[in-house]
Amino acid sequence: MAENKRVRLEPHIEEYLKSHAQRVLDKPASAVTSAELTTLANAIIYEHKLAQSMAKQIPFAKLFSWLMSWVPGSRVVGLNQQATDAPTLKASVPEPDNFEFDADLGDLYEEAA
């Protein structure tokens with residue numbers, strides 16, 4: 001059984017929790033009590049856990065490569081492949097990771113929920 005503990009929420013976390021009150025509790029954010037913040041936190045943690053388990057099951061690199069294969073003129077090189085006609089640069093600087101695709105997919109998940 002859960003036990004009562006006092007925790008301090010940062011203002012931005014409380015605001016985030018309250019932003020989901022309408023969807024989860026069907027209440028406006030201004031009417032949420034401190035006890036309902038726990039319910040909101042548990043619901044959001046559970047949703048994020050589900051989303052993370054789904055994301056682990058979907059190989060995003062392969063999915064992205066497959067999607068890009070349908071775009072005319074694009075050439076996506078897989079993780080274990082090398083481009084044969086790509087010029088080799090001796091002192092190239094690696095590009096930073098781009099998580100735009102993952103962020104867009106996360107936004108779609110939140111819109112669907």
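Things to note:
- So GLU3, is it on the phi < 0 side of the Ramachandran plot, at pLDDT 80 or above and in a helix (DSSP H, G or I): no
- Test set (1) at pLDDT 90 or above; (2) open to solvent by 90 Å² or more (accessible area, probe 1.4 Å); (3) over 15 Å from the mean Cα position of the chain (by Cα) - TYR46 fails condition number: (3)
- If the condition is being farther than 26 Å from PHE99 by Cβ and acidic (Asp, Glu), then the stretch 25-49 contributes ASP26, GLU36.
- Positions within the stretch 55-74 being within 18 Å of the chain's Cα centre (by Cα) and assigned to a loop (DSSP other than H, G, I, E, B), in sequence order: ILE58, PRO59
- Among the candidates GLN22, GLN52, residue that is open to solvent by 70 Å² or more (accessible area, probe 1.4 Å), touching a Pro at 6+ places or on another chain (Cβ under 8 Å) and either within 30 Å of PHE99 (Cβ to Cβ) or not in a loop (DSSP other than H, G, I, E, B) (or both): GLN22
- For GLN81, the test of being modelled with pLDDT of 80 or more and open to solvent by 70 Å² or more (accessible area, probe 1.4 Å) is failed.
The values are calculated or read from the model by the stated rules, or taken from the named source; none is laboratory data. Just so we're clear, the structure is a prediction, and the values are computed from it rather than from any experiment. A quick note on method: Cβ atoms are made from the backbone with ideal geometry, for glycine too, and the neighbour counts reach across all protein chains shown. Surface accessibility is based on the protein's heavy atoms, side chains included, excluding ligands, DNA and RNA. Shrake-Rupley method; radii C 1.70, N 1.55, O 1.52, S 1.80 Å.
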